[in-house]
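Working notes for the structure below.
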Amino acid sequence: MTATEVRVVGFGMGPQHVTPEAAAALAECDYALAVAKGADDPLLAVRQAVCDAHGVELVVVPDPERDRSPGLDRVGYEGAVADWYAARLAAYRTVLDSRGGTCAFLVWGDPSLYDGTIRIVRALGVGFDVLPGISAPQALAARHGIVLHEVGQPVHVTTARRLRADVGLGQRNLVVMLTSGVDLDGFEDWSIWWGANLGGTGERLVAGLVGDVVAEIGAARAAAKAEAGWVMDLFLLRGPADGAA
Ligand SMILES: C[S@@+](CC[C@H](N)C(=O)[O-])C[C@H]1O[C@@H](n2cnc3c(N)ncnc32)[C@H](O)[C@@H]1O
């Protein structure tokens with residue numbers, strides 16, 4: 001069995017979400033590693049706060065540039081992503097090789113949801129384990145005091161880019177992540193529970209019928225960004241009860 005060289009630690013939305021299990025794992029690590037997106041990545045401060053709270057040194061790796069040219073076709077886009085992924089792998093490998101010991105890879109929320117860290121660590125070929133964290137959908141449900149689905153019914157977790165396709169396939173109760181300003185035209189009679197910057201600076205919550213609250217969500221999103229300097233949001237979207245549509 002390969003020795004554990006990397007601990008993939010989900011830290012939720014900040015130090016207040018670090019579980020005792022994750023805290024114990026951090027305490028056993030020699031350092032933590034995080035990627036910085038640009039010189040003034042505002043989310044780095046949250047990772048630094050997690051490390052400070054647990055006395056772990058944070059090593060910051062600049063995220064390699066990715067070709068985001070708008071003109072890229074599918075092949076070009078996939079090539080750009082592959083190049084970026086390879087550059088990220090090489091940057092991590094350099095740090096692991098030069099430092100030795102056990103490294104914590106800090107993951108926002110939980111590593112199982114829309115996060116590439118586990119794939120990257122597998123590709124590095126190192127021994128690792130995973131410590132779960134509180135995910136954004138859990139934080140959303142808790143803040144609104146709701147269950148993500150009706151009794152005995154499913155919830156579909158997806159991305160904003162896939163929302164319309166998934167609804168077209170019959171999904172009627174969706175958690176939608178990776179939003180960047182949401183187009184909710186046509187969903188006016190659906191219910192929404194929306195949240196931004198949950199557990200952090202600029203937190204905002206809005207709930208109601210889409211047609212009633214869509215403008216409020218737009219304003220709240222802008223306010224969250226103005227207050228924190230960044231915004232991440234997600235929402236639960238539920239279709240009208242059968243027969244009411
Ligand atoms: C790259 S994914 C990471 C998800 C994370 N691994 C998790 O478990 O929640 C980032 C997306 O998660 C959602 N998200 C993450 N943190 C959030 C927060 N504090 N408030 C609202 N949405 C958040 C947003 O939809 C954002 O676009």
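The values are calculated or read from the model by the stated rules, or taken from the named source; none is laboratory data. Model, not experiment: these values are computed from the prediction. All Cβ positions, glycine included, derive from the backbone under ideal geometry; neighbour counts span all protein chains shown. The protein model used for the area step is the full one, side chains on, heavy atoms only, and it has no ligands, DNA or RNA in it. Shrake-Rupley method; radii C 1.70, N 1.55, O 1.52, S 1.80 Å.
Listed by position, the strands (runs of 3 or more DSSP E) contained in the range 1-98 that have at least 3 residues being farther than 27 Å from residue 201 by Cα are 4-10.
Scan the range 187-209 and tell me whether some residue there is open to solvent by 60 Å² or more (accessible area, probe 1.4 Å), assigned to a loop (DSSP other than H, G, I, E, B) and β-branched (Val, Ile, Thr). Yes, the range 187-209 contains at least one residue that is open to solvent by 60 Å² or more (accessible area, probe 1.4 Å), assigned to a loop (DSSP other than H, G, I, E, B) and β-branched (Val, Ile, Thr). Exactly one residue out of 87, 36 is assigned by TED's automatic domain parsing to the domain that holds residue 115, surrounded by fewer than 16 Cβ atoms within 10 Å (Cβ to Cβ) and touching a residue at least 24 places away in the same chain (Cβ under 8 Å), and it is 36.
Restricting attention to the range 128-147, the residues that are open to solvent by less than 50 Å² (accessible area, probe 1.4 Å), more than 12 Å from the ligand (Cβ to nearest atom) and under 19 Å from residue 50 (Cβ atoms) total 2. Pairs linking a residue in the range 129-153 that is over 25 Å from residue 6 (Cα atoms) and of a type outside the set (Asp, Glu) to a residue that is open to solvent by less than 80 Å² (accessible area, probe 1.4 Å) and more than 15 Å from the ligand (Cβ to nearest atom), with Cβ atoms under 7 Å and 6 or more positions apart or on different chains, are 149/173; 153/173. Here residue 217 clears all of (1) in contact (Cβ under 8 Å) with a residue 24 or more places away in the chain; (2) open to solvent by 20 Å² or more (accessible area, probe 1.4 Å); (3) within 16 Å of the ligand (Cβ to nearest atom); (4) part of a helix (DSSP H, G or I) except the condition numbered (2). Only residues that are of a type outside the set (A, V, I, L, M), more than 8 Å from the ligand (Cβ to nearest atom), within 23 Å of residue 20 (Cα to Cα) and surrounded by fewer than 20 Cβ atoms within 10 Å (Cβ to Cβ) were counted in the range 111-127, giving 1. In the range 1-8, is there at least one residue being farther than 30 Å from residue 196 by Cα and polar (S, T, N, Q)? Within the range 1-8, one or more residues are farther than 30 Å from residue 196 by Cα and polar (S, T, N, Q).
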